[in-house]
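This report refers to the structure that appears directly beneath it.
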Amino acid sequence: MIDILWVFAKVAGALGFGMNWAAFLGWVERKQSAVMQDRIGANRADILGFRLIGLIHIIADPIKLFTKEDFVPAGVRKTFHLLAPSISLGFPLLALAAFPYGGNVSFLGRSWSLQPVESPMGLVLVLAMVAVGIHGVVMAGYASNSYYGLLGGMRGAGQMIAYEVCLATTMAGAVFLYGTLDLAAAAAWQARMIGGVLPAWGVVFQPVGFILFLVAGTALTKRTPFDLPEGESEIVGYHVEYSGMKFGMFMMTDLIESVVVACLGVTLFLGGWHVPFLPPSLPFLGPMLEGPVMACLMLGAFTAKVALVLFLLMQVRWTLPRFRFDQLLDLGWKNILPLALANFLLTAWAIYLAKAWGVRLWP
Amino acid sequence: MTVRPVSRPERGWQVQIYLLEVVYGLGVTFRHFFTNLWRHSAALAGLKTEPGAVTIQYPEDPPALGVRARTRHRILSRPDGTPRCTACLLCETICPARCIRITAEESPDPLIEKRAKTFDLDLGLCVFCGYCVEACPVDAIRMDTNDLRIPSFDRRGMIWSLDKLMGKG
Ligand code: SF4
Ligand code: SF4
């Protein structure tokens, strides 16, 4: 009983993690771009005169989206038109349940895991959920009964399938190193120090893999410089025929996918919940305090790392201009994929040699 | 015909692989970000720094207008207070937006031939080209009021009469 309740609590927590990040990223997006471009950014919404440096816009935006007319054009395929935003947003949200937000902590005489869905196939689960999310994009384009929407959906499918393949390949090296598809085990593998100074994070062993992962991940989220499926300012995309909160859901999808990619990057390359220079247990805090304090530290570390990656992704989004579609596919199929495969082969070879020579890399 | 050869920009491999250029671009934007962030925080803390943003928050801050900005028109007056306009209709003729409507009448002053009985300028149509100012032979109309608060809730309110343009009511 308590196990089921705990799983429910964790899943709700993961959902809240994603949704709050998405809302907060709306603010970050505006303010970060504004500060970077010598502007001020949205700061007009207020409650009783309190503007809170534009944070009130987080509340104002959904109110606006929810109260707008939800216009469904004549001629759309109604079922799919309705289903598409839910699929697009829902499955990346599901993927968030698979991440280890912290390791195991002991409290009240038992061990509590901080991973909502403890699956030995966690990584596959995440990739599958993100891949199903693509269907939302294609479905939206198809159901709109509009050429622009359809073309946008096709661009989206071409791009996201290409980069889904790339993403999986860029992670192959790291996965091979950890020898597991279990995200919790992968994080646990990295949760130690090499020689007491260098954290054994994936990025130390897989720098090329990490850079390629970031590029492929950015492309998967369909955000600038890879925002060809939507391109809301110039080329219209798959959500032309959507309005109101359905449109808002598509916009949120991009942010949620950014969070998913950031979580994945943190889990596989930045040590997950690992806090450097922290001993694995803090017995001096006593049995009542140790578990919760450890949990808070792990969750804090994970969140801070995710914030860092999101900050970087956001900066990239506001720095680079959009690619052309052929450049985009060239980058994916002809550059990232071969490089990622080479990285994987080199990693495999290095691991073989390390094992043959008895180098101790593994815990 | 002269031909000016333009050399194509040299792009070495370090530009072609794009990754280094991305890092360089990120360096520029990060520099801006952190400089401005520091300036904003310093301003919040009450320190004196350069402003972190070039934004002018218009209704609260005064607008920054150029010295030669063309803004709302005004009609100048003679020393005795009558309008300088001689109702020559040159401004009405040149106005590309056709937003000036003048009716002329005889002037009681024998030295002046005509004067404007009505002078209506529809600021809602005006494109602020300044041709009327250039056309006026007696320098009666100028666009140097630096007044931006001309909007009105209906179109009629955008039509300014002679009195309003002279700053009388
Ligand atoms: S500024 Fe141009 S458009 Fe406006 S009244 Fe003068 S001539 Fe007409
Ligand atoms: S050009 Fe000058 S003088 Fe002639 S009608 Fe216009 S404002 Fe009056």
#### Entry: Accessible-area ranking of A:HIS81, B:HIS40, largest first, probe 1.4 Å
B:HIS40, A:HIS81
### Query
What nm value, rounded to one decimal, do you get for the distance between A:VAL28 and B:ARG149 when each label is placed 7 Å out toward the C-beta?
4.2
### Message
With an 8 Å Cα cut-off and a minimum separation of 6 or more residues, compute the relative contact order for segment B:23-114 in percent.
### Response
13
### Computed [θ] at 222 nm, helices only, for chain A once each DSSP H run of length n ≥ 4 contributes -39500 (n - 2.57)
-21500 deg cm²/dmol
### Task
Give me the accessible area of A:ASP46, 1.4 Å probe, in Å² rounded to the nearest 10.
80
### Message
For B:ILE141, what residues show an amide H to amide H distance below 5 Å, using hydrogens built from the backbone and excluding near sequence neighbours?
### Response
B:LEU76
### Query
Under 5 Å between amide H atoms, partner at least 5 residues away or on a different chain: which partners does A:ILE194 have, H built in plane at 1.01 Å?
A:ALA200
### Message
Through the Karplus equation 6.51 cos²θ - 1.76 cosθ + 1.60, θ set to phi - 60°, convert the phi angles of segment A:277-288 into ³J(HN,Hα) values in whole Hz; use x for Gly and Pro.
### Response
6, 9, x, x, 9, 10, x, 5, 7, x, x, 6
### Query
For segment B:55-148, which GluC sites (Glu not before Pro) are in a loop by DSSP, counting at most 15 other Cβ atoms within 10 Å?
B:GLU60, B:GLU113
### Query
Expressed as an acute angle from 0 to 90° and rounded to the nearest 10, what is the orientation of the C-alpha long axis of helix B:19-44 relative to the principal long axis of chain B?
60
#### Entry: Stokes-Einstein diffusion coefficient of segment A:83-183, Kirkwood radius over Cα pairs, 4 °C, 1.567 mPa s, in µm²/s
84
## Note on the structure
For the protein assembly as shown, the per residue accessible area (1.4 Å probe, Å²) is 54
### Task
Quick one: order A:LEU331, A:LEU198 from most to least accessible surface, probe 1.4 Å.
A:LEU198, A:LEU331
### Task
Please compute the net charge surrounding B:VAL54, taking Lys and Arg as +1 and Asp and Glu as -1 over other residues with Cβ under 12 Å from its Cβ.
-1
### Task
Would you check the accessible area of A:LEU5, probe 1.4 Å, heavy atoms only, in square angstrom rounded to 10?
100
### Task
Would you mind calculating the relative contact order of segment B:74-165 from Cα pairs under 8 angstrom and at least 6 residues apart, reporting the percent as a whole number?
32
### Query
What chymotrypsin sites (Phe, Trp or Tyr not before Pro) does segment A:36-129 have in DSSP loop regions with at most 11 other beta carbons within 10 Å?
A:PHE71
#### Entry: A:MET121 versus A:THR67: modelled label distance in nm, points set 7 Å from Cα along the beta carbon direction
4.7
### Query
What ³J(HN,Hα) values, in whole Hz, does the Karplus curve 6.51 cos²θ - 1.76 cosθ + 1.60 give for segment A:37-43 when θ = phi - 60°, with x put for Gly and Pro?
9, 6, 10, 10, x, 4, 8
### Query
Using a 1.4 angstrom probe with every protein chain in place, what is the largest-first accessible-area order of A:TYR238, A:TYR147, B:TYR58?
A:TYR147, B:TYR58, A:TYR238
### Query
Given labels modelled 7 Å from the Cα in the Cβ direction, how far is it in nm from A:VAL11 to B:LYS164?
6.5
### Task
Loop sites only, by DSSP: take the chymotrypsin sites (Phe, Trp or Tyr not before Pro) in chain B that have at most 16 other C-beta atoms within 10 Å and name the longest stretch containing none of them.
B:19-127
#### Entry: Per residue convex hull volume, Cα atoms of chain B, in Å³
273
#### Entry: Relative contact order for segment A:35-178, counting Cα pairs under 8 Å that sit 6 or more residues apart, in percent
19
### Message
At 1.4 Å probe size, with the rest of the protein present, what percent of the exposed accessible area of the protein assembly as shown is carbon and sulfur atoms?
### Response
67
### Task
Pop the C-beta distance of B:ARG11 and A:ARG39 into the FRET formula with R0 = 22 Å and round what comes out to the nearest 0.05.
0.10
### Task
Using the structure shown, list the pairs from A:LYS78/A:LYS222; A:LYS64/A:LYS334; A:LYS305/B:LYS48 with a Cα-Cα distance above 31 Å, or answer none.
A:LYS64/A:LYS334; A:LYS305/B:LYS48
### Message
Rolling a 1.4 angstrom probe over the protein chains, ignoring ligands and nucleic acids, what is the accessible area of A:VAL204 in square angstrom, nearest 10?
### Response
60
### Query
So what's the back-of-envelope 222 nm ellipticity for chain B, counting only DSSP H runs of four-plus at -39500 (n - 2.57) apiece and dividing by all residues, rounded to 500?
-7500 deg cm²/dmol
### Message
So if each residue of separation counts as 0.36 nm, and I subtract the Cα-Cα distance between B:ARG4 and B:LEU65, what length gain in nm does that give?
### Response
18.0 nm
## Note on the structure
Ordered by number, the trypsin sites (Lys or Arg not before Pro) in segment B:114-169 that occupy a DSSP loop and have at most 14 other Cβ atoms within 10 Å are B:ARG149, B:ARG155, B:LYS168
## Note on the structure
Residues whose built amide H sits under 5 Å from the amide H of B:TRP160, excluding neighbours closer than 5 in sequence, are B:LEU121, B:ASP122, B:LEU123
### Query
What is the average number of partner chain Cβ atoms found within 10 Å of a Cβ in A:30-41?
5
### Task
For the protein assembly as shown, just the Cα set please: Rg and Dmax, both in angstrom.
31.9, 115
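The values are calculated or read from the model by the stated rules, or taken from the named source; none is laboratory data. Note that the structure is a prediction, hence the values are computed from the model and not measured. Using ideal geometry, Cβ is built from the backbone for each residue, glycine included, and neighbour counts are taken over all protein chains shown. Accessible surface is based on the protein model in full, side chains and every heavy atom, while ligands, DNA and RNA are left aside. Shrake-Rupley method; radii C 1.70, N 1.55, O 1.52, S 1.80 Å.
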